[in-house]
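S.K.: Sharing a structure below in structure tokens format, with a few things to ask.
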Amino acid sequence: MRYGLILIAPSIKDQIAAARHAEARGFHSVWTTEFHNHNGFVRLAAVAAATQRVQVGTAIAYAFMRTPLLAASAAMDIDELSGGRMILGLGSGTRSMNERWYSMPFDKPPAPRMREAVALIREAIRAQKGNGLFFDGRYYSVKIPGYARPGAPRDRIPVYVAGVNRGMIRTAAAVADGLVGHPIYTRRYISERVRPELEGSSCELAAYVICSISDDIDQARREARAQIAFYYTTRLYHSVLDVHGWREIGEEIAQAFRRQDFEGMVAAVPDELVDAIAITGRPEEARDQLRQWEGLTDHVLLYPASVGAHPGRPGENLTAMVDTFGPVST
């Protein structure tokens with residue numbers, strides 16, 4: 001199982017510091033995220049320029065808020081900048097994110113469009129020799145007779161697709177090099193719903209795992225509860241709870257969110273759900289807990305809990321995570 005680190009930190013400078021720390025401790029990969037107030041590719045370019053060996057990826061960049069050609073060109077730029085270390089992770093986002101944040105239409109289901117977007121991205125990365133780029137699909141059409149990409153280190157960059165439910169998981173299995181597992185995956189959901197869909201494919205699972213390392217165990221578990229509650233305000237994700245018969249937990253969280261009752265949201269997350277999703281506690285306890293993901297995921301993406309935490313806590317947690325899980329001891 002390879003170790004990756006999700007770079008949740010207060011600033012780009014802090015992300016670079018965390019990435020260098022992870023590289024020095026032998027992590028396989030580091031990943032930037034994207035939200036309405038920060039750009040995953042810009043941040044990843046800064047990280048790529050500041051590191052030498054570690055794989056760099058977007059987990060995730062939004063697929064539909066930019067065209068596939070823009071995603072492909074950003075990936076090729078970072079691949080060149082990093083000397084061939086880029087992993088392009090893409091996700092659809094929710095309908096609300098597409099429409100309310102970016103004023104973009106949202107196709108439902110989104111999986112067919114994602115499949116086509118990945119095909120166009122792969123074609124754009126391959127078409128580097130000046131023979132042009134021509135693509136005619138249901139969602140995208142590109143005609144660039146003089147298309148070329150001099151200086152690109154590779155004609156194939158790994159593409160990962162994020163998914164929660166069956167349609168997108170199957171799309172990842174069919175067209176992607178990896179599936180980015182959502183932070184609310186439980187281990188049982190992975191074993192019963194995710195791994196069977198990936199069988200027979202060359203698609204690896206790179207699963208987010210929410211993590212909070214602290215000598216204050218109550219603090220660590222509270223941070224994990226808050227992160228889990230944040231995600232389960234979205235009913236689209238409640239299907240993960242169904243394998244446990246826990247749908248009512250998601251409904252209670254969603255109802256508390258509608259009341260703007262943050263404490264009620266957090267309180268609605270039981271210990272059983274925290275234990276099924278997250279890693280919490282002191283370093284030695286966290287290392288023991290991580291072993292539960294062995295055999296379930298090929299590539300674990302350790303993700304610091306940050307929702308509701310004080311401003312310095314995500315960076316502190318990142319440092320603790322690298323020191324706890326770094327394959328190379330200091």
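S.K.: Could you grab me the full set of residues in the stretch 175-197 that are of a type in the set (A, V, I, L, M, F, W, C) and under 25 Å from ARG235 (Cβ atoms)?
M.R.: Within the stretch 175-197, LEU179, VAL180, ILE184, ILE190, VAL194 qualify.
S.K.: Pairs under 8 Å by beta carbon, first residue under 18 Å from PRO311 (Cβ atoms) in the stretch 11-40, partner assigned to a helix (DSSP H, G or I) and hydroxyl-bearing (Ser, Thr, Tyr), six or more apart or different chains?
M.R.: Partner pairs satisfying both residue conditions: ALA18/THR319.
S.K.: Still on this model: Taking only the stretch 270-316 into account, find how many residues are part of a helix (DSSP H, G or I) and in contact with a strand residue (DSSP E or B) (Cβ under 8 Å, 6 or more places away or on another chain).
M.R.: 8
S.K.: Can you tell me which of ARG247, ARG170 is under 26 Å from ALA72 (Cβ atoms) and basic (Lys, Arg)?
M.R.: ARG170
S.K.: Next question, about the same structure. Hand me the list of strands (runs of 3 or more DSSP E) wholly inside the stretch 128-233 holding 1 or more residues that are hydroxyl-bearing (Ser, Thr, Tyr) and more than 30 Å from PHE262 (Cβ to Cβ).
M.R.: Fully inside the stretch 128-233 and qualifying: 141-144, 159-163.
S.K.: Restricting the first residue to the stretch 110-126 and requiring it to be closer than 16 Å to MET65 by Cβ, which pairs with a second residue that is at pLDDT below 95 meet a Cβ separation below 8 Å and a spacing of at least six or different chains?
M.R.: ARG113/ASP107
S.K.: Look at the stretch 123-159 and say how many of its residues are among the β-branched types (Val, Ile, Thr) and in contact with a Ser or Thr (Cβ under 9 Å, 6 or more places away or on another chain).
M.R.: 1
S.K.: For the condition at pLDDT below 95 and either β-branched (Val, Ile, Thr) or touching a helix residue (DSSP H, G or I) at 6+ places or on another chain (Cβ under 8 Å) (or both), what is the one hit in ARG166, ARG170, ARG149?
M.R.: Among ARG166, ARG170, ARG149, only ARG149 is at pLDDT below 95 and either β-branched (Val, Ile, Thr) or touching a helix residue (DSSP H, G or I) at 6+ places or on another chain (Cβ under 8 Å) (or both).
S.K.: Those residues that are of a type outside the set (Val, Ile, Thr), closer than 11 Å to ILE78 by Cβ and in contact (Cβ under 8 Å) with a residue 40 or more places away in the chain, I need them from the stretch 45-63; list them, please.
M.R.: Selection gives GLY57 alone.
S.K.: In addition: So which residues in the stretch 253-269 are free of Cβ contacts under 8 Å to residues at least 24 places away in the same chain and not in a helix (DSSP H, G or I)?
M.R.: Scanning the stretch 253-269 gives ARG259, GLN260, ASP261.
S.K.: Now for a different question. Return the only residue of ARG193, ARG138, ARG122, ARG149 being among the basic types (Lys, Arg), surrounded by 14 or more Cβ atoms within 10 Å (Cβ to Cβ), within 18 Å of SER92 (Cα to Cα) and out of contact with any His (no Cβ under 8 Å at 6 or more places or on another chain).
M.R.: That would be ARG122, the only listed residue that is among the basic types (Lys, Arg), surrounded by 14 or more Cβ atoms within 10 Å (Cβ to Cβ), within 18 Å of SER92 (Cα to Cα) and out of contact with any His (no Cβ under 8 Å at 6 or more places or on another chain).
S.K.: What single numbered condition from (1) closer than 23 Å to VAL164 by Cβ; (2) without any contact (Cβ under 8 Å) to a residue 24 or more places away in the chain fails to hold for LEU70?
M.R.: LEU70 satisfies every listed condition except (1).
The values are calculated or read from the model by the stated rules, or taken from the named source; none is laboratory data. In this text the structure is predicted, and so the values were computed from the model without any measurement. Cβ sites come from the backbone with ideal geometry, for glycine too, and all protein chains shown count toward neighbours.
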